[in-house]
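Peer 1: Have a look at this one before I ask anything.
The values are calculated or read from the model by the stated rules, or taken from the named source; none is laboratory data. All values derive from a computational prediction rather than experimental measurement. Every residue, glycine among them, receives a Cβ derived from its backbone with ideal geometry; neighbour counts consider all protein chains shown.
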Amino acid sequence: MSGDAGGTEPSDDLRRQLREATARPLMTPALRRRKLMLWVFRQVVLVLLAWWFWEHAWMRWAFGIGVAFAAINLFLILFAQRLLDARMRRAEQRIDHLERTLRGADGHNAAGD
């Protein structure tokens, strides 16, 4: 890897890019609170519409789909940052693993085996 023009290894560049991409938090507490308030408002509207149109068969389907999407949305609002941090840790572990593998392969080839 000494042939790089910049003098840094590609793994260092990848780590730097990962840190830059995740340097800022995904949501500030104020933004999370705003999203939760909007989420509550949407759920109230969903429940009111479901109550108003419940006698129609299509409303049961729409309500079920709405509840499923609401659960997914709430999960993402609450846990997106943790999921992103976990993915970053896994990406760094993969970079480390690839780096060790490449160094081991370079050492094996340099020995003339």
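Peer 1: Look at LEU76 and say whether it is surrounded by 12 or more Cβ atoms within 10 Å (Cβ to Cβ) and assigned to a helix (DSSP H, G or I).
Peer 2: Values: surrounded by 12 or more Cβ atoms within 10 Å (Cβ to Cβ): yes; assigned to a helix (DSSP H, G or I): yes.
Criteria met by LEU76.
One line per residue, one yes/no per condition, for (1) more than 21 Å from the chain's Cα centre (by Cα); (2) closer than 28 Å to LEU36 by Cβ; (3) modelled with pLDDT under 85:
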position	(1), (2), (3)
LEU76	no, yes, no
PHE79	no, yes, no
LEU83	no, yes, no
ARG89	no, yes, no
ARG94	no, no, no
ASP106	yes, no, yes
ALA111	yes, no, yes
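Peer 1: What about MET1, is it at pLDDT 90 or above and over 23 Å from LEU78 (Cβ atoms)?
Peer 2: When the stated conditions are applied, MET1 does not pass them.
Peer 1: So which of GLN43, GLN17 ends up being modelled with pLDDT of 95 or more and either in a loop (DSSP other than H, G, I, E, B) or surrounded by 10 or more Cβ atoms within 10 Å (Cβ to Cβ) (or both)? Write out each step before concluding.
Peer 2: On the way: GLN17 fails: modelled with pLDDT of 95 or more.
Among GLN43, GLN17, only GLN43 is modelled with pLDDT of 95 or more and either in a loop (DSSP other than H, G, I, E, B) or surrounded by 10 or more Cβ atoms within 10 Å (Cβ to Cβ) (or both).
Peer 1: Another question, if that's okay. Check ALA71, ALA30, ALA50, ALA91 and return the single one that is part of a helix (DSSP H, G or I), in contact with a helix residue (DSSP H, G or I) (Cβ under 8 Å, 6 or more places away or on another chain) and either exposed (fewer than 14 other Cβ atoms within 10 Å of the Cβ) or touching a residue at least 60 places away in the same chain (Cβ under 8 Å) (or both).
Peer 2: Working: ALA71 fails: in contact with a helix residue (DSSP H, G or I) (Cβ under 8 Å, 6 or more places away or on another chain); ALA30 fails: in contact with a helix residue (DSSP H, G or I) (Cβ under 8 Å, 6 or more places away or on another chain); ALA50 fails: either exposed (fewer than 14 other Cβ atoms within 10 Å of the Cβ) or touching a residue at least 60 places away in the same chain (Cβ under 8 Å) (or both).
Testing whether each residue is part of a helix (DSSP H, G or I), in contact with a helix residue (DSSP H, G or I) (Cβ under 8 Å, 6 or more places away or on another chain) and either exposed (fewer than 14 other Cβ atoms within 10 Å of the Cβ) or touching a residue at least 60 places away in the same chain (Cβ under 8 Å) (or both) leaves just ALA91.
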